[in-house]
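The structure follows.
The values are calculated or read from the model by the stated rules, or taken from the named source; none is laboratory data. This is a predicted model, so every value here is computed, not measured. All Cβ positions, glycine included, derive from the backbone under ideal geometry; neighbour counts span all protein chains shown. Areas reflect the complete protein model, heavy atoms only, side chains present, ligands, DNA and RNA absent. Shrake-Rupley method; radii C 1.70, N 1.55, O 1.52, S 1.80 Å.
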Amino acid sequence: EEEEEEEEEGAEQTLTLQSMFEVGQVVRCAVRGLSKGKSGGKRIDLSLRLTAVCAGLAPDVLVEGAMVPAYVQSVEDHGFILSFGIPGGPKGFLPRKSVGGGTRPLERGAAVDVIIVGGDGKGKAGSKGAAILTVTADPKRVAAAVTHEADGTAMATLLPGMMVNARVRQVLDDGLSVNFMTYFTGTVDAFHVGDAAKGTSSSGGAVADPKEAHKEGDRLRARVLFVDAAAKRVGLTLRPHLIALKPQPLPKAGVAFTAAIVRRVDPSIGVLLELPPASASSDTPVAPSMGYAHISDVADEHVDKLEKRFKVGKVVRARVTGHRALDGVATLSLKPSVLDQPFLSLEELVPGMCVTGEVVAVEPYGAVVKLAPGVKALCPPNHVSDIPGRVTATKVKEGSKLKFRVLSVDHAKGRATVTHKRMIINSELAVIATLADCVQGATTHGVVTGVEAYGVFVQLFGTLRGLAGLQDLGLAADQTAQEAFAVGQVVRATVLRADKGESKVRLSLAPGGPSNGGKGGVDRGEGAEDGEREDVGAPEPGTVIEEAKVKRVDETTGNVQVILPGGIPGVVPAAQMSDHAFTGAALAAAFKPGDSIGPLVALEAKPRRSILSRKTALVDAAREGKLPGDVTQVVVGATYPGYVASATQNAGVFVRFLGRLTGLAPPSQLTDVAVAGGVDPEDLFPLGQTVLARVVAVDATVQPPRLSLSLAPRAVGASSPSADAPLIRSLFTDVDAVDALAEEAAAAAAAGGGGAGEEGGGTFLSAATVARLAPGADVAGIVHGVRDYGVLVDMPDIDPDAVGLITFHQLPTAGGANPETEEAEMPEVGTVIAGRVLDVSRRDGVV
């Protein structure tokens, strides 16, 4: 009775594909039928059942030394009972000590290749007397086992996976014709020829031309790839990864290569390319690999003749879109539209990534967004609109192409969620997606998912959820959580603590951080307690401060806290560091406590600090008295510099000057020419951006007064043709300022014995070198090398750290060359070459 119960329990165990197979495992299959798929493509129905694969075999093929497929029929204490899928054939027994070093434990139903080592003592292997055959699954023995000719060998007894001794009968243009087992003839496809002899192939592995690796009469070992008994066709492979029964390392999907080399052109079919190895990337094999681009994937437009567009040896850009694991090659695309895609698979998405997608459907459960071919994400209802509680938006409709930000990615289920909330998309705060990211004090943006009497639940990135208790909400004494927060509201959350054992995150939503948490003791915003605060005497708006000292740089926000003359505290917000976003970010990262910063202009005077700007356009205008702080100072028709305070789809762009003086530029006044479908002010004008605004009208009869503005370039240029000069000048002065700060940091690090420092400050060019390399200067150098992006030149007489770069179209021989058909003549390494300086990058040391 106990034995019957155990058998019943074993039969009731659920088989899973994960326990039976593993990714990269080589398996045999039988073709059941051919048909057309739902989308019109070809459909091949396969079967992995051994009874179908071994349909033509008889028990007498199970001889000692034979390598055969099997599957685990039952798991016993000392080993595994196997079935060979041959009707009326014996069973196999695989002792546990003979399993070998597999990557997964064998369970019932698992497929495994074995070698027969003997019978059970009642008879020999292959005889009718052997009820159970002893086998081994040692990977090395299985991979090295060779099948030899026997009396009963026939086409029907050949199985894919058999290793045979073969001889090259003929070398073909697209492969090889070989003989094996005396009477059999097989073919080797061009993708399955062996590697070239060491040192004879530039690719270091697979060859493009079979003649590079083989000649008639060569004796070699091949593995049977397929058997078509009806047509009497046998395919074989010589690829090392299949001979060894190991997966071929291939670049991950999405990896892009800038210097893939064309190795073979198959007219009307495709192009074989060699992919260079990677020195430090884990996404790319350390040895060269091969990839194939079908003719439909070589260009966005239709291509008729590949041989005219591609020549052997040509260097092209390529991106991996998939794998042909059996052939050991990557599937490639050369289409510019694919090359420029930020990602091609769900695996490349990470929480916090900003993406652009097309809304393909709007359902009650959210908007379905297509991010890339084959990659879709869901924008949940609470993330469709910026307005809390609203689950629809006029912009989020079928066919719209919008910006989103990835919230979470579930690789196991193949799902991703995104948000369309503008505040999260534009957030520069840290992305907190795992418990490891939950460092005490870290701040990020999140979305309220629930409001209870005891606190507020907040969704962060990934699958993280946090709770802000009632005392950490920053509420007023008579305020409730329901009054202050709503589901779908974007909030700024600071991590108080994280319990990794229980996966709980405690947050603070109090303005100003957790130190101000608690009822009755919170910072309710600027100006809320002005009467209780001591006025520090901040300078009036419009005052220019020539120099201040940096006190601290907030790494989270990028804001720079400064001390003005007289000890007055001030802050330069990250958006006010420069007229240009990228130089502003570089400056904020370069400033250190104690550095001098200036000139600055005071924007607002707060009781406890001064709000300042380092924007050159605002500072210059304030010096000249052309930066208004009151409506009485505004002249209709004049142009003033300002910065974007906010932007909305319906209203337009709100521009702020000094103090709280703000004007509105409606959507019709943002561009010179009307754009079909309108423009998105939020995309064109990010918060803090410097703009030049022309005053169209002033209505002082209402409170507050209304300023109507125009940001259209023609309108601005008509009133002041040189109004954009400070913007252009500030770009260069800010770059110089970044270089000067980096040079000072490097000098300080060197003086302190720290070398060049972590910032790599010792690599940029000195001011003396830059003076000798002014644009237009004639210089001479020595050719160091030729890369796929240009010619590198050393200039030891000027600065050994300087690297000259001559792009191909700047070479003397490039003027008459047709880039489609001809190549400019490349100078040899060591040649002395003369040139004229176009530009200098001090940070990179490139001329």
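How large is the Kirkwood hydrodynamic radius of the stretch 327-444, in angstrom, based on all distinct alpha carbon pairs?
Computed over the stretch 327-444, the radius equals 15.5 Å.
Using the Cα gyration tensor of the stretch 389-437, with a ≥ b ≥ c the square roots of its eigenvalues, what is the shape: rounded (a/c below 1.5), prolate (a/b larger than b/c) or oblate (neither)?
Oblate is the answer for the stretch 389-437, as a/c is 1.5 or above yet b/c matches or exceeds a/b.
Tell me the relative contact order for the stretch 337-470 as a rounded percent, counting alpha carbon contacts under 8 Å between residues six or more apart.
Relative contact order for the stretch 337-470 comes out at 20 percent.
Considering only DSSP beta bridges whose two residues both sit in the chain, what percent are antiparallel, to the nearest 5?
The answer is about 90 percent antiparallel.
Okay, moving on. Past 24 Å, Cα to Cα, is the threshold; run 551/615; 42/311; 376/500; 215/314; 211/311; 376/421 against it and keep the listed order.
42/311; 376/500; 215/314
Relative to the present Cα-Cα distance, how much length would full extension add between residue 51 and residue 480 at 0.36 nm per residue of separation?
Length difference between fully extended and current span is 147.4 nm.
What part of the accessible area of the chain, given as a whole %, is carbon or sulfur when the probe is 1.4 angstrom?
Using a 1.4 Å probe with all protein chains present, the chain comes out at 53 percent carbon and sulfur.
What percent do you get for the relative contact order of the chain when only Cα pairs under 8 Å and 6+ apart count?
Relative contact order here is 4 percent.
What does the convex hull of the alpha-carbon atoms of the chain project to on average, in nm²?
Reported value for the Cα convex hull: 49.7 nm².
Taking 7 Å along the Cα-to-C-beta vector as the label spot, tell me the residue 151-residue 648 distance in nanometres, rounded to one decimal.
According to this spin-label approximation, the distance is 9.4 nm.
Once phi is turned into ³J(HN,Hα) by the Karplus curve 6.51 cos²θ - 1.76 cosθ + 1.60 with θ = phi - 60°, what whole-Hz value does each residue of the stretch 784-799 show in order, with x for glycine and proline?
Result, rounded to whole Hz: 8, x, 10, 10, 6, 10, x, 9, 9, 10, 8, 10, x, 6, 9, 6.
Continuing with the same structure: Which part of the stretch 769-786 falls in the paramagnetic zone of residue 825, meaning amide N under 17 Å from the point 7 Å along Cα-to-beta-carbon?
Only 783 fall inside the zone, counting backbone N under 17 Å.
How many angstrom lie between the C-alpha centres of the stretch 239-272 and the stretch 391-415?
The stretch 239-272 and the stretch 391-415 have Cα centres separated by 34 Å.
Please compute the modelled spin-label separation between residue 215 and residue 229, points set 7 Å along Cα→Cβ, answer in nm with one decimal.
Once both label points are built, they end up 4.0 nm from each other.
Please give the length that would be gained between residue 782 and residue 722 if that part of the chain were fully extended, namely 0.36 nm times their separation in residues minus their C-alpha to C-alpha distance (nm, one decimal).
17.3 nm
May I pose another question? From the Cα gyration tensor of the stretch 42-117, with a ≥ b ≥ c the square roots of its eigenvalues, which class applies: rounded if a/c is under 1.5, or else prolate if a/b is larger than b/c, or else oblate?
oblate
HN-Hα J couplings of the stretch 360-365 from phi, Karplus 6.51/-1.76/1.60, θ = phi - 60°, integer Hz, Gly and Pro as x?
9, 6, 10, 10, x, 8
Here's something else I'd like to know. Mind checking which helices in the chain clear 27 Å along their axis (Cα) and have mean Kyte-Doolittle hydropathy of -0.5 or more, DSSP H runs only?
Helices meeting the span and hydropathy rule in the chain are 725-751.
Classify the stretch 280-382 as rounded, prolate or oblate from the Cα gyration tensor: take a ≥ b ≥ c as the square roots of its eigenvalues, call it rounded if a/c is under 1.5, otherwise prolate when a/b beats b/c and oblate if not.
Verdict is prolate for the stretch 280-382.
Run the 1.4 Å probe and let me know the accessible area of residue 22, rounded to the nearest 10 Å².
My reading of the accessible area for residue 22 is about 80 Å².
Positive end of the charge dipole of the chain (Lys, Arg +1 and Asp, Glu -1 on Cβ, about the Cα centre): tell me which of 567, 601, 18 has its Cα farthest that way.
18
In this model, which of 252/413; 335/403; 246/305; 308/335 are farther than 26 Å apart at the alpha-carbon?
Cα-Cα > 26 Å for 246/305; rest within.
Here is a follow-up. Can you tally the net charge around residue 362? Count Lys and Arg as +1, Asp and Glu as -1, for every other residue whose Cβ sits under 10 Å from the Cβ of residue 362.
For residues surrounding residue 362, the net value is -1.
How much accessible area per residue does the chain have, in Å², with a 1.4 Å probe?
Per residue, the chain has 53 Å² of solvent-accessible surface.
Calculate the spin-label point distance for residue 470 paired with residue 624, positioning each point 7 Å from the Cα along the beta-carbon direction, and give it in nanometres.
Output for this residue pair reads 5.9 nm.
Provide 54, 29 ordered by accessible surface of protein heavy atoms (probe 1.4 Å), highest first.
So the residues, ranked largest to smallest area, are 29, 54.
If you take every residue apart from residue 621 with its C-beta less than 12 Å away from the C-beta of residue 621, what net charge results, scoring Lys and Arg +1 and Asp and Glu -1?
0
Apply the Karplus parameterisation 6.51 cos²θ - 1.76 cosθ + 1.60, with θ equal to phi minus 60°, to every residue of the stretch 326-331 and state each ³J(HN,Hα) to the nearest whole Hz, in sequence, with x for glycine and proline.
Coupling constants for the stretch 326-331: 5, 6, x, 10, 8, 7 Hz.
Using only helices, what value at 222 nm comes out for the chain when you add -39,500 (n - 2.57) per DSSP H run of length 4 or more and divide by the total residues, to the nearest 500 deg cm²/dmol?
Mean residue ellipticity, 222 nm, calculated: -3000 deg cm²/dmol.
Give me the number: length gained by fully extending residue 361 to residue 540, i.e. 0.36 nm times residue separation minus the C-alpha to C-alpha distance, one decimal in nm.
Difference between extended and current length: 59.1 nm.
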